[in-house]
Amino acid sequence: MNDQNSRKIIAFCCSNCASSAAGISHKLNETLPENVEVIQVPCTGRIEVLHMLKPFENGADGVYIAGCQEDSCQYISGITKAKKRVQHVKKILSELGIEPERIEAFSLSAARGQEFVQIARDMTDKIKAMGTL
Amino acid sequence: MIVAEPKPIKEILEMVRDYKKILVVGCKGCVTVCNVGGAKEVGILASTLRIAARKDNREIEVGEHTLERQCDPEYVDELKDIIDKYDAVISIACGVGPQFLSERYPEKRIFPGVNTKFMGGAVEHGIWAERCAGCGTCVIHYFGGLCPIARCSKSLMNGPCGGSAGGKCEVSKDIDCVWDMIVKKLMKEGRLDDLLKFRPPKDWTTARDGGPRRLVREELVK
């Protein structure tokens with residue numbers, strides 16, 4: 001496993017928008033970095049603060065949420081709630097002296113397969129620059 | 001309910017810095033309802049402590065337990081079989097909880113994980129406001145069901161002060177002037193004259209001024 005892959009990143013992805021984007025990226029032969037582990041959820045609004053903290057507790061160096069665009073969430077406000085919780089987790093990380101940028105939330109539509117992969121690559125580069133937690 | 005807020009993580013970490021086996025204890029009462037000290041928040045605090053330990057490359061063991069209530073001895077007893085495994089306990093109940101734990105388990109270091117704020121309720125999702133000062137002699141029926149003791153910044157009982165403007169208190173634009181509310185409500189009900197009735201001074205001996213209070217209900221005492 002190379003150095004980049006050793007930085008484990010957990011990606012919580014909405015099964016509507018982000019996962020459709022993942023499907024499109026697959027058709028484009030674009031692959032996610034190996035260090036990114038995708039966990040599909042029916043809606044990012046279900047991702048609680050504890051879900052976002054657990055990966056850090058269990059060895060991950062970064063976490064991100066990929067959900068719908070705020071005006072097109074199938075469950076109305078899922079990604080909006082998730083983004084608020086991400087802000088809360090950023091605050092907790094800051095209080096612990098950990099870079100808050102280790103957790104992020106992104107909105108993307110089902111058609112943006114290339115962006116889905118680019119987000120994973122950008123997060124990987126960012127976490128790699130920060131080093132292990 | 002009793003409303004509380006989490007203590008800053010740094011303060012909690014400083015409290016338990018010297019301990020390696022820590023038990024986080026929640027309460028299913030008020031603090032669960034105000035999202036600060038229930039099972040979910042026990043998990044969040046425990047996880048946060050473990051992440052802090054990971055960052056500092058320290059080995060710690062953090063246990064999690066949530067009691068039905070921390071303000072009743074029979075529920076506090078539930079910890080007797082697990083508390084010995086830990087060096088320190090963080091209670092995230094209101095200020096009553098860690099005191100009951102301290103009294104029941106005097107040999108343990110018990111730390112408060114929240115700051116207890118007031119008796120109140122949720123006015124919006126995520127926003128709580130004070131409603132009761134626990135004065136021991138409720139008089140809200142004289143004031144249209146609104147408490148001037150808890151909700152007036154000066155606890156005035158004879159009308160608004162000069163700091164009331166536009167329905168707001170001079171202390172903060174976020175504080176409604178309760179006397180403005182009382183007067184408007186009684187005017188609407190056609191009962192404004194009720195405020196002119198002579199009432200003797202309030203009995204404050206039932207309030208906190210008389211020292212720590214104790215309540216005995218003979219019919220319930222075993």
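Between the stretch B:9-34 and the stretch B:71-139, the C-alpha centres lie 11 angstrom from each other. Computed with a 1.4 Å probe over protein heavy atoms only, the accessible area of B:Cys132 comes to about 60 Å².
Projected onto their three principal axes, the Cα atoms of the stretch A:1-82 cover extents of 40, 34, 15 Å, largest first. Taking Lys and Arg as +1 and Asp and Glu as -1, the other residues whose beta-carbon sits under 12 Å from that of B:Gly97 total 0. Modelled this way, with points 7 Å down the Cα-to-C-beta line, the labels at A:Ser15 and B:Glu78 are 3.3 nm from one another.
Put the Cα centre of the stretch B:146-222 next to the Cα centre of the stretch A:116-133 and the gap is 56 Å.
Ordered from largest to smallest accessible area (heavy atoms of protein chains, 1.4 Å probe), the residues B:Arg54, B:Arg109, A:Arg121, B:Arg214 come out as B:Arg214, B:Arg109, A:Arg121, B:Arg54.
Taking the C-alpha atoms only, the angle from helix B:39-55 to the longest principal axis of chain B is near 50 degrees.
With a 1.4 Å probe and every protein chain left in place, tell me how much accessible area B:Phe118 has, in Å² to the nearest 10. My reading of the accessible area for B:Phe118 is about 50 Å². Computing FRET efficiency as 1/(1 + (r/R0)^6) for B:Glu103 and B:Lys188, where r is the C-beta to C-beta distance and R0 is 51 Å, gives about 0.55. Scanning chain B for GluC sites (Glu not before Pro) lying in DSSP loops with no more than 14 further Cβ atoms inside 10 Å, the longest uninterrupted stretch between such sites is B:108-169.
Mean projection of the Cα convex hull over all viewing directions, computed for the stretch B:133-208: 5.3 nm².
The share of Cα pairs per 20 Å bin across the protein assembly as shown, counted from zero up to the longest distance, runs 24, 42, 28, 6, 0 percent. Mean residue ellipticity, 222 nm, helices only, the protein assembly as shown: the sum of -39500 (n - 2.57) across DSSP H runs of n ≥ 4, divided by residue count and rounded to 500, is -9500 deg cm²/dmol. Once you sort the root eigenvalues of the Cα gyration tensor of the stretch B:115-154 as a ≥ b ≥ c, which label holds: rounded (a/c under 1.5), prolate (a/b larger than b/c) or oblate (the other case)? Since a/c reaches 1.5 and a/b is larger than b/c, the shape of the stretch B:115-154 is classed as prolate. A 1.4 Å probe, protein heavy atoms only, puts the accessible area of A:Thr31 near 90 Å². Amide H contacts of B:Trp128: B:Val123, each under 5 Å away and 5 or more positions distant or on a separate chain (H built 1.01 Å from N in the peptide plane; Pro and chain starts excluded).
The values are calculated or read from the model by the stated rules, or taken from the named source; none is laboratory data. Quantities reported herein were computed from a predicted structural model and do not represent experimental measurements. Glycine also receives a Cβ, built like all others from the backbone with ideal geometry; neighbour counts cover every protein chain displayed. For the accessible areas, the whole protein counts, side chains as well, though only heavy atoms, and no ligand, DNA or RNA atoms are used. Shrake-Rupley method; radii C 1.70, N 1.55, O 1.52, S 1.80 Å.
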